Amino acid sequence: MDVLKVGVIGCGAIGREHIKRLHNKLQGSRVVAVMDVFPESAQRGADLVGSDCKIYDNIEGIVNDSDVDALVVTTPGFAHKEPIMAAIKAGKPVFSEKPLATTAADCKEIVDAEMAGGKKLVQVGFMRRYDKGYRQVKELLDGGTFGKPLLAKCTHRAISVDPSYTTDMAVTDTAIHEIDCMHWLLDDDWTQVQVIMGADTKHAHEGLKDPQIMIFKSKKGYTVILEVYVNSNFGYDINCEVVCEEGVINLPAPAYPTVRKNQMISTPIEQDWINRFIDSYDVELQEWIDDTKKGEVNGPSAWDGYIAAVTADGLVASQTSGVMEDVSVGETPEFYR
């Protein structure tokens, strides 16, 4: 297969970004069809490709199009399950933006369907695994010279969020990245999680608890402490420090010049997630294209999506209970090892 012919389901903001990426920027793929329930959105997506791009208003049509080799799902999270299940039924590879689905039960249904089909087809868009800095941390941990990891301290800070952002979204929309990324970095599954609420910032809108401290415990005894602070008022500030037996590894920050001005030495802080992680989207989808053309899935799997959903459920429960909540996903099926 020289060129992977892709159908994109969901032509909102991130869908259009992926259409441009897949069709114009990356190697070995082109977008041949788009689908959206809103005709104007579908047309905007197709316009990025040209007159040859097919437009669909239903999932079955685009999934079963013989010209479409693989699917990319960029609909809202609640609308992920249906196209993913349809792609599995059709035997076509599918890349889904996170989350895999919005409930653990739906994620498990996807996992079961994929295993029943006997072939890995699903990849989930946990793009932090493709960030250069996180990959450097992963290489150092896997290299063994730092010994066993003992604990990790992370921050996930944003300048502000809009009024529609709710307390549970600190887990489902924000911490979901660390849920997967730290599981991948430490190569371990979570057993218990807890959320601790502290003093609320004056910058949070009414009803939103912010900041929140989240604690993860793993099977091997590792502890991760995550600060989620989405109204920091100063920048998009992602940090990760892994304390090991033989040293400490810090996630490198994006390179910015240090400047001297107005009697100060300062370094800028990133202002939004788009600039911070834009390159990782390119790497993620390029590797997906290359792997898909070889008939492989090497990125975050449907099982990883299920782990994230079960863990998120535990954290959301702890937001109310305030106590440690158990996380149980069972042993990783051989299919996903």
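Observations, loosely collected:
- Selection from region 21-58 of residues that are closer than 28 Å to residue 283 by Cβ, without any contact (Cβ under 8 Å) to a residue 60 or more places away in the chain and touching a helix residue (DSSP H, G or I) at 6+ places or on another chain (Cβ under 7 Å): 30, 31, 33, 34, 35, 36, 44, 45, 48, 49, 53
- Residues of region 285-337 classified as of a type in the set (Ser, Thr, Tyr) and under 23 Å from residue 94 (Cβ atoms), total: 6
- Verdict on residue 91 being without any contact (Cβ under 8 Å) to a residue 60 or more places away in the chain and on the phi > 0 side of the Ramachandran plot: yes
- Taking first residues from region 68-87 that are in contact (Cβ under 8 Å) with a residue 60 or more places away in the chain and partners that are of a type outside the set (A, V, I, L, M, F, W, C) and assigned to a helix (DSSP H, G or I), the Cβ contacts under 6 Å between residues at least 6 apart in sequence or on separate chains come to 70/292; 72/18; 73/83; 74/15; 74/18.
- Condition broken by residue 103, with the remaining ones in (1) out of contact with any helix residue (DSSP H, G or I) (no Cβ under 7 Å at 6 or more places or on another chain); (2) surrounded by fewer than 21 Cβ atoms within 10 Å (Cβ to Cβ); (3) within 27 Å of residue 178 (Cβ to Cβ) satisfied: (1)
- For residue 83, the conditions (1) farther than 20 Å from residue 284 by Cβ; (2) within 19 Å of the chain's Cα centre (by Cα); (3) in a helix (DSSP H, G or I) all hold with the exception of (1).
- Here is the figure for region 121-148: residues that are of a type in the set (D, E, K, R) and buried (at least 16 other Cβ atoms within 10 Å of the Cβ) total 4.
- Screening region 1-79 for strands (runs of 3 or more DSSP E) wholly inside it with 2 or more residues that are within 24 Å of the chain's Cα centre (by Cα) and within 20 Å of residue 96 (Cβ to Cβ) returns the ranges 4-9, 29-35, 70-73.
- Subset of region 244-268 that is at pLDDT 90 or above and surrounded by 15 or more Cβ atoms within 10 Å (Cβ to Cβ) - its residue that is nearest to residue 158 (Cα to Cα): 251
- Taken over region 100-124, residues that are outside any helix (DSSP H, G or I), over 21 Å from residue 171 (Cβ atoms) and not aliphatic (A, V, I, L, M) amount to 4.
- Close Cβ contacts (under 6 Å, 6 or more residues apart or on different chains) running from residues in region 220-240 that are within 20 Å of residue 151 (Cα to Cα) to residues that are among the hydroxyl-bearing types (Ser, Thr, Tyr) and outside any strand (DSSP E or B) comprise 228/174.
- So residue 67, is it crowded, with 19+ Cβ neighbours inside 10 Å and within 20 Å of residue 285 (Cβ to Cβ): no
- Within region 318-337, residues that are surrounded by 13 or more Cβ atoms within 10 Å (Cβ to Cβ) sit with their Cβ atoms under 6 Å from residues that are of a type in the set (Asp, Glu) and modelled with pLDDT of 95 or more, at 6+ positions apart or across chains, in these pairs: 318/325.
- Sole exception among (1) in contact with a Phe, Trp or Tyr (Cβ under 8 Å, 6 or more places away or on another chain); (2) part of a strand (DSSP E or B) for residue 96, by number: (1)
- Extreme residue, surrounded by the most Cβ atoms within 10 Å (Cβ to Cβ), among residues of region 195-214 that are in contact (Cβ under 8 Å) with a residue 60 or more places away in the chain and assigned to a strand (DSSP E or B): 195
Here's the yes/no breakdown for (1) among the aromatic types (Phe, Trp, Tyr); (2) under 21 Å from residue 299 (Cβ atoms):
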| site | (1), (2) |
| --- | --- |
| 12 | no, no |
| 37 | no, no |
| 61 | no, no |
| 68 | no, yes |
| 85 | no, yes |
| 92 | no, yes |
| 95 | yes, yes |
| 109 | no, yes |
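The values are calculated or read from the model by the stated rules, or taken from the named source; none is laboratory data. The shown structure was predicted, so the numbers you read here are calculated from the model rather than taken from an experiment. Neighbour counts are summed over all protein chains in view; Cβ atoms, including those assigned to glycine, are modelled from backbone coordinates with ideal geometry.
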